[in-house]
Amino acid sequence: MNYKRRVLLLISCVLYFMLLEYHFRDEVEELRLSDWFNPRKRPDVVTTTDWLAPVIWEGTFNRQVLEEYYGRQNLTIGLAVLATGRIADQYLELFIQSASKHFMTGYRVIFYIMVDAFYRLPNLEPGPLQTVQVLNIRGHDADDFHLMRMKNLAVHIVGHIQDEVDFLFSMMANRVFQNDFGVETLGTSVAQLHAWWYFKNTENLPYERRPGSAACIPLGQGDFYYDGTVIGGTPLEILNFIKEYLDGIMRDKENGLNSTYERHLNKYFFIHKPTKLLSPEYSWDTVLWPPAQVWLVKAARCLERAF
């Protein structure tokens, strides 16, 4: 073997072992569920789904491990909210104030505020690492708030949000953050368990049962009932949900049906199982007295309903 061939072989071997080392180093650094999630600490509640997705309750996660991991990821997290009319007037200022204090503290956050009139905007004072983007609403679906919310969110995800954030949450403005809503909630596809229905028998959950509807979950089927006011995940996963929701709305209209946004959301998660579920602690309703299973309310809906 001549000298040049030996040198090339040596270089190839060195590169191979460097790539091998890099591969295994990445595997070691990848965060495993067992590194931060301990379902045995909450035997009083459901902590793992049949498809092995974690259900995040206070006490089940190790925040220090999560902070160390996500602190190295250079993340940007988005929080989108549609605030129109009376909702903006009554809730938006408190929503932003509380989110600035409790939502993903220590990480870069972009608040996407979708409004129908700039004069409705309160005085906004984002905290460190936080920025605010005020977005115009395109078109009006006054008779269907959630349809307007999802249509506009899709436009902005395609237009710029997908290039600006790693994870995105969309929430209703009629809530106040009360404790840390942190990186334990991050996931590819994040669903919020409904406070009203979590402690109910699954046979009584208000799914769409009409066979002709695109939102139909047949009788005898279904697992959890999800809260339509909160959805999270990667921007592309949320965009995929919006596409299927809009397609479902169109199919229902063609069949003379009109199911709710929340029922379409539940149908979507029935077929496309979420990778992470948030306990009712993350979207509690203040008209309900918290049961013993709710240790710490992260965010709560305000008493008065505006829609």
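The values are calculated or read from the model by the stated rules, or taken from the named source; none is laboratory data. Keep in mind it's a predicted model, so treat the numbers as computed, not measured. Cβ sites come from the backbone with ideal geometry, for glycine too, and all protein chains shown count toward neighbours. Keep in mind that these areas ignore ligands, DNA and RNA; they rest on the heavy atoms of the full protein, side chains included. Shrake-Rupley method; radii C 1.70, N 1.55, O 1.52, S 1.80 Å.
Miscellaneous remarks
- Fluctuation leader among Tyr245, Tyr70, Tyr226 - the chain, Gaussian network, Cα springs under 10 angstrom: Tyr70
- The fraction of accessible area contributed by carbon and sulfur in the chain is 55 percent, rounded to a whole number (1.4 Å probe; ligands and nucleic acids excluded).
- Each residue of the range 203-210 is assigned a 3J(HN,Hα), and the resulting list reads 5, 9, 5, x, 5, 6, 10, 6 Hz, derived from the Karplus form 6.51 cos²θ - 1.76 cosθ + 1.60 (θ = phi - 60°), x at Gly and Pro.
- Built amide H within the under 5 Å cut-off of Leu75, gap 5+: none
- Around the amide H of Val132, modelled in the peptide plane, lie the amide H atoms of Phe111, all under 5 Å away and 5 or more residues distant in sequence or on another chain.
- Distance violations [Cα-Cα > 31 Å] among Lys243/Lys298; Lys200/Lys273; Lys101/Lys151; Lys253/Lys298; Lys41/Lys273: Lys253/Lys298
- C-alpha long axis of helix 3-29 to longest principal axis of the chain, angle in °: 30
- Residue-normalised accessible area of the range 34-301, given per residue in Å² at a 1.4 Å probe: 43
- For the pair Arg210 and Leu236, label points projected 7 Å from Cα toward Cβ lie 3.6 nm apart.
- Theoretical ellipticity at 222 nm over the chain - DSSP helices of four or more residues, -39500 (n - 2.57) apiece, nearest 500: -10500 deg cm²/dmol
- Label selected from (1) 17.6; (2) 15.1; (3) 21.0, the criterion being mean projected area of the Cα convex hull in nm² as computed here: (3)
- Helix 235-254 axis versus longest C-alpha principal axis of the chain: approximately 40°, rounded to the nearest ten.
- Cα gyration tensor shape for the range 153-236, rounded if a/c is under 1.5, else prolate or oblate: oblate
- Cα-based helix-to-principal-axis angle, 261-271 vs the chain, degrees rounded to 10: 40
- Leading residue at positive end of dipole, the range 34-301 (Cβ point charges), from Ala195, Ile242, Ala99: Ala195
- Comparing Leu135, Leu257, Leu193 in a Gaussian network model of the chain, where Cα atoms under 10 Å apart are tied by springs, the biggest mean-square fluctuation is seen for Leu257.
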